[in-house]
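Student: First the structure, then my questions, so here it is.
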Amino acid sequence: MPRNAETSAVAADATSGIKSMPRNAEATRERILDAAEKLFAQRGFDGVTVRQIMSGAGADVALAYYHFKSKRDLFDAVLLRRAKTLNELRFAALEEVEKHHPSDPPAVVEIIEAFTGPLLKVLDKGTGRMARLHGARRANQQFSRNGAAR
């Protein structure tokens with residue numbers, strides 16, 4: 001398997017005991033998250049392997065475990081990345097509501113709209129990946145609650 005500068009840096013770190021982040025590590029991490037998001041949205045958590053994700057990211061499989069401890073941690077990171085973006089949109093919408101009500105409290109419906117509006121807009125545009133990711137997460141939670149197939 002070909003080794004790039006990042007896998008060499010990871011190997012060097014493993015032998016020297018020194019933890020350092022290669023220059024292109026963040027870009028590789030983002031490629032992994034992008035590929036994982038796409039595949040998890042298409043096939044669900046159990047429908048994709050780490051090897052398939054890494055192939056989609058154009059990166060060595062070892063880098064999945066360098067950036068993320070497990071497939072579950074990678075899945076969680078995909079969801080957290082989208083949740084962070086969504087929460088930023090929600091906070092901006094709530095700040096806008098507050099601006100319109102400097103001396104009086106906003107109506108409950110305005111607060112609810114500020115909270116739910118960004119999610120509905122995200123779900124409405126683009127590929128719908130977020131909705132499929134949410135569905136994959138819910139299905140996995142249901143599977144975990146019910147236990148493995150008996």
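Student: Quick one: in region 19-32, which of the residues that are touching a helix residue (DSSP H, G or I) at 6+ places or on another chain (Cβ under 7 Å) and modelled with pLDDT under 90 is nearest to D76 (Cα to Cα)?
Tutor: Per the criteria, the residue is A25.
Student: Do we find a residue being at pLDDT 85 or above, part of a helix (DSSP H, G or I), of a type in the set (A, V, I, L, M) and closer than 25 Å to T28 by Cα anywhere in region 93-114?
Tutor: The answer is no, given that none of the residues of region 93-114 is at pLDDT 85 or above, part of a helix (DSSP H, G or I), of a type in the set (A, V, I, L, M) and closer than 25 Å to T28 by Cα.
Student: Okay, moving on. Checking Q52 against (1) at pLDDT below 95; (2) surrounded by 13 or more Cβ atoms within 10 Å (Cβ to Cβ), which single condition isn't satisfied?
Tutor: With respect to (1) at pLDDT below 95; (2) surrounded by 13 or more Cβ atoms within 10 Å (Cβ to Cβ), Q52 is out only on (1).
Student: Same structure again: I need the full set of residues from region 33-55 which are in a loop (DSSP other than H, G, I, E, B) and either under 11 Å from V78 (Cα atoms) or touching a residue at least 40 places away in the same chain (Cβ under 8 Å) (or both), in order please.
Tutor: Once the filter is applied, which keeps residues that are in a loop (DSSP other than H, G, I, E, B) and either under 11 Å from V78 (Cα atoms) or touching a residue at least 40 places away in the same chain (Cβ under 8 Å) (or both), region 33-55 yields only G44.
Student: Output the number of the condition that S8 fails; it satisfies all remaining conditions of (1) open to solvent by less than 60 Å² (accessible area, probe 1.4 Å); (2) at pLDDT 95 or above.
Tutor: Among (1) open to solvent by less than 60 Å² (accessible area, probe 1.4 Å); (2) at pLDDT 95 or above, S8 violates only (2).
The values are calculated or read from the model by the stated rules, or taken from the named source; none is laboratory data. Treat the numbers as computed from the prediction; the structure is a model and nothing was measured. Virtual Cβ from ideal backbone geometry, glycine too; neighbours counted across all protein chains shown. The area values use the complete protein model at the heavy-atom level, side chains included, leaving out ligands, DNA and RNA. Shrake-Rupley method; radii C 1.70, N 1.55, O 1.52, S 1.80 Å.
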